[in-house]
Amino acid sequence: MPSGRFVIEQTPVPDGLGDRRGVVTEGAVGSRWAARLRVFRYEIRRWRNGVIPDISEAVESPRRLTADPDVAQRLLDLVPSVPTLVWGRDELHAGEMWNSNSIIAWVLLSSGLDMTQALLPARGRARMASGNHCRFPS
C-alpha cells in the first residue's frame, strides 16, 4: 500500500497492548467460556510495518497477490470483520477446525480478489466460514 506494508496474522494474545500490534479483533481458543483468560484468546492483527518472527518457517511466503491498491485497501478494510470462531474447534461442523489459514482465506475471498489469477502455495487449502473449502490452484 502507498501508506506502508501491512501484516495480517492470527496469534496468541501476549498482553493487553494490542494497539501496538495492530490488533483489530480477538477470538476464543478451545472454548468461548475460557476466553475470559488471555491464554485462551487469539488476536487478529492488521499491523502496519508489522513483523512476523517466524516468517522464515512459513511455506512459500510471503506472496504478493495484487498490485491493485483498491483491492489491497478493500482487503485491509475487511480484516476487523473476520468471523471470530473458536480456534481449534469445528463450530460449523464442516470437518476442519477454524484456524489462521481459514482467516486468511476468508479475507482473500471476501475482498473480491480474483483467486484464479493469484499465485498461491501449491496444494494449499482452508475451510471457509461458509463451510466450503477454498482450494487454491496448484
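The values are calculated or read from the model by the stated rules, or taken from the named source; none is laboratory data. Just so you know, these numbers come straight off a predicted model, no measurement behind them. Reconstructed Cβ throughout: ideal geometry from the backbone, glycine too, with neighbour counts over all protein chains shown.
Within region 102-127, being at pLDDT below 80 and surrounded by fewer than 18 Cβ atoms within 10 Å (Cβ to Cβ) holds for Asp114, Met115, Thr116, Gln117, Ala118, Leu119, Pro121, Ala122, Arg123, Gly124, Arg125. Between Ala105, Ala72, the distinction of being assigned to a helix (DSSP H, G or I) and closer than 20 Å to Pro12 by Cα belongs to Ala105 only. Per the conditions (1) surrounded by 11 or more Cβ atoms within 10 Å (Cβ to Cβ); (2) within 24 Å of Arg20 (Cβ to Cβ), the sole criterion not satisfied by Arg32 is (2). Among the residues making up region 59-101, those that are acidic (Asp, Glu) and either touching a residue at least 40 places away in the same chain (Cβ under 8 Å) or within 20 Å of Gly112 (Cβ to Cβ) (or both) are Glu60, Asp68, Asp70, Asp77. A single member of Arg46, Arg41 is crowded, with 17+ Cβ neighbours inside 10 Å, among the charged types (D, E, K, R) and under 20 Å from Met1 (Cα atoms), and it is Arg46. Can you tell me which residues in region 1-17 are surrounded by fewer than 17 Cβ atoms within 10 Å (Cβ to Cβ) and not aliphatic (A, V, I, L, M)? Pro2, Ser3, Gly4, Arg5, Thr11, Pro12, Pro14, Asp15, Gly16 - these are the residues of region 1-17 that are surrounded by fewer than 17 Cβ atoms within 10 Å (Cβ to Cβ) and not aliphatic (A, V, I, L, M).
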